[in-house]
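Contents: one structure, followed by commentary.
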Amino acid sequence: MELIFDRVTKQYKNKLAVDRVSISLKKGVYGLLGANGAGKTTLMRMMCGVLKPDSGEILYDGMKVEEEAYRDILGYLPQEFGYYPEFSAMDFLMYLASLKGIPKKQARGKALELLELTNLSLAAKKKIKTFSGGMKQRLGIAQALLNNPKVLVLDEPTAGLDPKERVKFRNLISELGKERIVLLSTHIVSDVEHIADVILVMKAGRIIHQGSLEEIMKTIDGKVWECTVEEQRAESLMAKYSVLNIRQEKEGTFLRLVCDKKPVESAVSVEASLEDLYLYYFSDTRQEKEGKEGSCGR
């Protein structure tokens, strides 16, 4: 089981959304991190055969993702998922199962199983228009699993889920990743941190880093700092550097900063988190200051 991106490129008019991406995905959970506009959704849509690359190709065990047979082993939850508001949850899953060519008896059993799995059993007969955002998102996750896919693509799947639901979802994805390829894109960094076997960091259409959490974190060793300074100094630092955390204390203003050099003499280097890494590469301050002396750029 292997899904290969071979020099895949996609351009929209003057914007290069995906730039010669070459990666290989095998069984496991892959967490895709990147800011808005990094090219994540375009990459995922090409992986699902919804978009065709301008150049390069994507193959699953030698089969092009544009082929009909690939759809039989694909599960996809897009960021903007369309629902039929007058359908009940059960009717909606049965309808999609029919589109996927799943026999009716098998489909009903699978739909009931997935409604239970996503904590929607009690709402099975309720119309989708009455659902909360979180319930709709859970239904989206259920439909992506209807055909027991070998490749599962999830674009912002935990949006709208409360913390308890997110934990349950993370556990589910960890299990699913044991037997299939799962690509997960989310802005909730902790979800990726907890369940991804491999993290892909995407910026300006390219995969700039990939590896395990431990491997990825090495890229910001010695770049996370904590200090407590007076208010005026804090304002200066906040304007200059990427600030992950700030709070008022008796001694002054506590700051957690992500930057290349020691921001003030009293700053102490601390262990980094994946959230720190995200801020280091994608904060507005970094984008504005990149390349200038004293910035948080590399």
**Request:** Quick one: pull the percentage of alpha-carbon pairs in the stretch 1-149 with a separation above 20 Å.
**Result:** 55 percent
**Message:** With every protein chain kept in place and ligands, DNA and RNA left out, what is the accessible area per residue of the chain? Probe 1.4 Å, answer in Å².
**Reply:** 50 Å²
**Message:** With n ≥ 4 as the cut-off for DSSP H runs, can you work out [θ] at 222 nm for the chain, using -39500 (n - 2.57) per run divided by the number of residues, rounded to the nearest 500?
**Reply:** -9500 deg cm²/dmol
**Prompt:** When only DSSP loop residues count, what trypsin sites (Lys or Arg not before Pro) in the stretch 24-106 have their Cβ near at most 14 other Cβ atoms within 10 Å?
**Reply:** Lys26, Lys27
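Considering only protein heavy atoms and a probe of 1.4 Å, how much of the accessible area of the stretch 1-56 is carbon and sulfur, as a whole percent?
45 percent
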**Request:** Please list the radius of gyration and Dmax for the stretch 159-277, considering alpha-carbon atoms only, with Å as the unit.
**Result:** 17.4, 54
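Once the piece of chain linking Asp197 and Val270 is laid out straight, how much longer is it, given 0.36 nm per residue of separation minus the C-alpha distance between them?
Once the chain is fully extended between Asp197 and Val270, it gains 23.9 nm.
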**Complete:** For the stretch 156-207 (alpha-carbon point model, no solvent) the Debye-based log₁₀ I(q)/I(0) at q = 0.13, 0.29 Å⁻¹ works out to -0.32, -1.27
**Request:** Give me the distance in nm between label points sitting 7 Å out from Cα along the Cα-to-Cβ direction at Met63 and Glu179, one decimal.
**Result:** 1.8 nm
**Request:** Just report the Cα centroid separation between the stretch 206-255 and the stretch 153-174, whole Å.
**Result:** 27 Å
**Asked** Most mobile of Lys150, Lys250, Lys129 per a Gaussian network model of the chain (Cα springs, under 10 Å)?
**Response** Lys250
**Asked** If you take the alpha carbon radius of gyration of the stretch 76-193 and divide it by 2.2 N^0.38 Å, what ratio comes out, to two decimals?
**Response** 1.00
**Item:** Within a Gaussian network of the chain (alpha carbon springs, distance under 10 Å), most fluctuating of Gly34, Gly62, Gly222
**Value:** Gly62
**Request:** Could you state how much accessible area Met94 has, in square angstrom rounded to the nearest 10, with a 1.4 Å probe and all protein chains kept in place?
**Result:** 40 Å²
**Prompt:** Which loop-located trypsin sites (Lys or Arg not before Pro) does the stretch 153-199 contain, where loop means any DSSP state but H, G, I, E or B and the Cβ has at most 12 other Cβ atoms within 10 Å?
**Reply:** Lys178
**Fill in**
Under the 7 Å Cα-to-Cβ spin-label approximation, Ser24 and Thr219 lie apart by a distance in nanometres of 2.1 nm
**Fill in**
Out of Leu172, Leu154, Leu145, a Gaussian network model of the chain with alpha-carbon springs under 10 Å gives the largest mean-square fluctuation to Leu172
**Reach of Lys110 by Cα under 21 Å, taken over lysines that are not fewer than 8 positions away in the same chain** = Lys100, Lys125, Lys126, Lys127, Lys136, Lys150, Lys168, Lys178
**Item:** For the stretch 1-58: rounded, prolate or oblate by the Cα gyration tensor [a/c cutoff 1.5]
**Value:** oblate
**Prompt:** Picking from Val29, Ile58, Ala17, whose Cα lies most toward the positive end of the charge dipole for the chain (charges on Cβ: Lys, Arg +1; Asp, Glu -1)?
**Reply:** Ile58
**Asked** Out of these labelled values of Rg/Rh (Cα atoms, Kirkwood Rh), (i) 0.97; (ii) 0.95; (iii) 1.03, which was calculated from the coordinates shown here?
**Response** (iii)
**Request:** With r as the distance between the Cβ atoms of Gln106 and Gln79 and R0 = 35 Å, compute the FRET efficiency 1/(1 + (r/R0)^6) and round to 0.05.
**Result:** 0.75
**Fill in**
For the chain, longest principal axis from Cα atoms; helix 133-144 axis from its Cα atoms; angle between them, nearest 10 degrees, is 60 degrees
**Asked** What is the distance in Å between the Cα centres of the stretch 95-128 and the stretch 47-81?
**Response** 24 Å
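The values are calculated or read from the model by the stated rules, or taken from the named source; none is laboratory data. Please read all numbers here as calculations on a predicted model, not as lab measurements. Quick reminder, even Gly has a Cβ in these numbers, built from the backbone with ideal geometry, and neighbours come from all protein chains shown. Surface accessibility is based on the protein's heavy atoms, side chains included, excluding ligands, DNA and RNA. Shrake-Rupley method; radii C 1.70, N 1.55, O 1.52, S 1.80 Å.
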